[in-house]
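Values in this text are rule-based calculations from the coordinates and carry no lab data. What you are looking at is a predicted structure, and each value in this text was computed from that prediction instead of being measured. Please note: Cβ atoms are built from the backbone with ideal geometry, for glycine as well, and neighbour counts cover all protein chains shown.
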Amino acid sequence: DAEASAEFDAAQPFPVRRIPHRKAAGRSSAVALLDVTSVWLARRFRPHVVLSGHIVTSLGAWGIKRFLGRPYVQYLHGREVVIRPRLSTFGIRHAAAVVAVSRYTESLAHAHEPSRSACTASRRESTCRRTLRPGGRAVPP
């Protein structure tokens, strides 16, 4: 609901930019538009770090890393790793850090990119042991 979205956005302590979804273009085109627009907005906003909440946004996060030198943290959800294995490997490989929503997802991440470690962050548990500084360097807790 556009009216409820506008009300929600206005109440946030940070600016919210919504990218219009064009149904006629199809899902792949909508995701590509989201990724390209993210890079364009990041050029203006200059974030210290990017949080990529779904594997389909990893290309946009990587674009921000590539063109602006900003690290990104890739969140993973089990099903997306199985459905999009090549994109998952790409997103995991290029992320400064990987956060899996479950131990199962963490095992999937490790299977796709064994040289990288992922941490699990959920309500019940956390295996995250490091944090990131703006330059993307891992810092012990």
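Quick look at the values:
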| read-out | value |
| --- | --- |
| Spin-label model distance (nm) - Arg103 vs Ser115, 7 Å beyond Cα toward Cβ | 2.8 |
| Amide hydrogen neighbours beyond the local backbone of Ala100, cut-off 5 Å, H modeled | Leu76, Cys119, Thr120, Ala121 |
| Net charge of neighbours whose Cβ lies under 13 Å from the Cβ of Glu113, counting Lys and Arg as +1 and Asp and Glu as -1 | +2 |
| Trypsin sites (Lys or Arg not before Pro) within segment 19-90: DSSP coil, no more than 11 neighbouring Cβ in 10 Å | Arg22 |
| Positive minus negative residues near Val81 (Lys, Arg vs Asp, Glu; Cβ under 15 Å) | +3 |
